[in-house]
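The values are calculated or read from the model by the stated rules, or taken from the named source; none is laboratory data. In this text, all values refer to a predicted model and were calculated from it rather than measured experimentally. All Cβ positions, even for glycine, are placed from backbone atoms using ideal geometry, and neighbour counts span all protein chains on display.
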Amino acid sequence: MPTQSTIPVVVNGAYGKMGREVIKAIDQAPDITLVGAIGRNPELMGQDIGEVIGYKPLEVPVMNDLEATLVAAQSEGLAVMVDLSHPDSVYESVRAAIAYGVRPVVGTTGLSNAQIRDLAEFADKASIGCLIVPNFSIGVVLMQQAAQQAAQYFDHVEIIELHHNQKADAPSGTAVQTAQMLAEAQKTFNTPLVKETETIPGARGGTTPEGINIHSVRLPGLIAHQEILFGSPGQLYTLRHDTSDRASFMPGVLLCIRRVMALKSLIYGLDKVL
Ligand SMILES: NC(=O)c1ccc[n+]([C@@H]2O[C@H](COP(=O)([O-])OP(=O)(O)OC[C@H]3O[C@@H](n4cnc5c(N)ncnc54)[C@H](OP(=O)(O)O)[C@@H]3O)[C@@H](O)[C@H]2O)c1
């Protein structure tokens, strides 16, 4: 049970690869209390989430009714929903959380720009804080900041993102966000020097509206990795970040849970709340 001084949190996608790490991190945070765990597998309904993830009993049952769980969470005090589920369902889940007055911290990637704009409007109208964070890792924020600096001096840049092969969306939310941050340099990247022909469609990757190519690699053995390559005549400047354990995301997740409590609108990106 949360005490008055702890933040009640519901985790959507509770026993997924990220969700299970978040459950453990919350259990170890003295100012945050897990009050709800959402999953879809009917065989796990009602089971203790701590036991389901092989951790320890937490006395929080797995539920599949998101709305009922949000209502119950809100009755414990101003609550937060951490969403680490799936691109297909995240938009509806975040809208539901805002509608019930629960602050979303959204790690799930794959939301379109139009969906993010719509959620921003909805959160604004409801005066409910919402954080959408394509990457909870501090190392990625630092890499993106270095990339923004480099974008002032280099006119050619491509992004390679590499993830495990169970990732549902491509390119990664981090790569899309990085391209958007590079675009803030307000210049034209990658002006072609020759007429390119792809003998295998997609060989040059996907191109963002900013003209930045993103290449997505999916392989078992990977977790989450990204390279940003800047080129100019005679030099290559490479920035790279590697996630070797999902524990690296947890300080960012806990920080966002704490920060979202004070917000009244939607904010996109960990860099904005550090
Ligand atoms: N922001 C970050 O730093 C960060 C870092 C890593 C990953 N991510 C993102 O977080 C999300 C979750 O990643 P993950 O690796 O934990 O995935 P995962 O292992 O597949 O877990 C996803 C969980 O979401 C549940 N879920 C809810 N609605 C679903 C639907 N419509 N379709 C499928 N599953 C659904 C699944 O429950 P059932 O098993 O009951 O179906 C599953 O337990 C992804 O979008 C990923 O890109 C973000």
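General observations
- Taking the numbered list (1) surrounded by 18 or more Cβ atoms within 10 Å (Cβ to Cβ); (2) free of Cβ contacts under 8 Å to residues at least 40 places away in the same chain in turn, H241 passes all entries but (2).
- Test: residue in segment 160-174 that is of a type in the set (A, V, I, L, M, F, W, C), within 16 Å of the ligand (Cβ to nearest atom), over 30 Å from I32 (Cα atoms) and modelled with pLDDT of 95 or more: yes
- G269 at pLDDT below 95, at positive phi and surrounded by 15 or more Cβ atoms within 10 Å (Cβ to Cβ): no
- Filtering segment 45-69 to residues that are surrounded by fewer than 19 Cβ atoms within 10 Å (Cβ to Cβ), within 13 Å of the ligand (Cβ to nearest atom) and either farther than 16 Å from E92 by Cβ or hydroxyl-bearing (S, T, Y) (or both) leaves M45, Q47.
- Condition met for R40 (touching a Phe, Trp or Tyr at 6+ places or on another chain (Cβ under 8 Å), without any contact (Cβ under 8 Å) to a residue 60 or more places away in the chain, surrounded by fewer than 19 Cβ atoms within 10 Å (Cβ to Cβ) and not in a strand (DSSP E or B)): no
- Residue in segment 183-204 that is assigned to a loop (DSSP other than H, G, I, E, B), within 29 Å of I98 (Cα to Cα), modelled with pLDDT of 95 or more and not hydroxyl-bearing (S, T, Y) present: no
- Of the residues V157, V133, the single one that is over 25 Å from G19 (Cα atoms), touching a strand residue (DSSP E or B) at 6+ places or on another chain (Cβ under 9 Å) and either touching a residue at least 60 places away in the same chain (Cβ under 8 Å) or not assigned by the TED database to the domain that holds P251 (or both) is V157.
- Qualifying position, being at pLDDT 95 or above, in the same structural domain as L34 (by the TED database), at negative phi and within 13 Å of the ligand (Cβ to nearest atom), among A114, A96, A120, A126: A96
- Breaking point among (1) assigned to a helix (DSSP H, G or I); (2) surrounded by fewer than 21 Cβ atoms within 10 Å (Cβ to Cβ); (3) of a type in the set (A, V, I, L, M, F, W, C), for A170: (1)
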